[in-house]
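> If you scroll down you'll find the structure; I have some questions about it.
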Amino acid sequence: MRVVLFQPDIPQNTGTILRLCACLDVEAHIIEPAGFPISDRHFRRAGMDYLDQVTIVRHDSWAAFEAWRAKSGGRLLLFSTKAATPYLDHIYRDDDILLFGRESAGVTDDVVNAADERLVIPIAPGMRSLNVAMTVAMALGEALRQTRGTATPKPEGTAS
């Protein structure tokens, strides 16, 4: 499972998402250009000391990311307010790539067309969107519940 941020532009959101990835042991990818320098103090503050614990792969462009994806495989799942399939109705796999767009502008048509699936987190009518960090947490939580939640329970009386 991998989380990919397409040209993120709010450092606090990116730092929070990277902290989430560190805590859940999920690889994070950033497709450049980001709207802030990776050394930004807001980015560092939101990520705290967790940034040293997460695997971050940076791609200098969409084309570079697509070249990486062609080699590594995995389905590209785009989370979008314009998608029709609810994220809870999707069946996730261990090698899925969860892609989230830029806070201010979403993703380009090339990205939309490259996605294997387009998923939405349904929200109340009249609401525009969720914060991207919240969206990542919800989507990643469900994906991991489905893929990591299949462990065989330990027999009663066995130590954890």
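> Tally time: how many residues in segment 124-151 are in contact (Cβ under 8 Å) with a residue 12 or more places away in the chain and among the aliphatic types (A, V, I, L, M)?
So the answer is 9.
> List the helices (runs of 4 or more DSSP H) that sit entirely inside segment 28-116 and contain at least 3 residues that are buried (at least 17 other Cβ atoms within 10 Å of the Cβ).
Qualifying helices (runs of 4 or more DSSP H): 41-47, 62-72.
> Still on this structure, I have one more. Among the residues of segment 87-105, which ones are more than 14 Å from VAL3 (Cα to Cα) and in contact with a Leu (Cβ under 7 Å, 6 or more places away or on another chain)?
Within segment 87-105, TYR87, HIS90 qualify.
> Looking at (1) in contact (Cβ under 8 Å) with a residue 12 or more places away in the chain; (2) under 13 Å from the mean Cα position of the chain (by Cα), find the lone condition where LEU88 falls short.
Every listed condition holds for LEU88 apart from (2).
> Ok, one more. Restricting to segment 85-108, name every residue that is in contact with a strand residue (DSSP E or B) (Cβ under 7 Å, 6 or more places away or on another chain) and of a type in the set (Gly, Ala, Ser).
The one that is in contact with a strand residue (DSSP E or B) (Cβ under 7 Å, 6 or more places away or on another chain) and of a type in the set (Gly, Ala, Ser): GLY101.
A short reminder: the numbers here are calculations on the coordinates, not readings from a lab. Note that the structure is predicted; figures quoted are calculated from it, not measured. Counting neighbours? That spans all protein chains shown, and the Cβs are built from the backbone with ideal geometry, glycine included.
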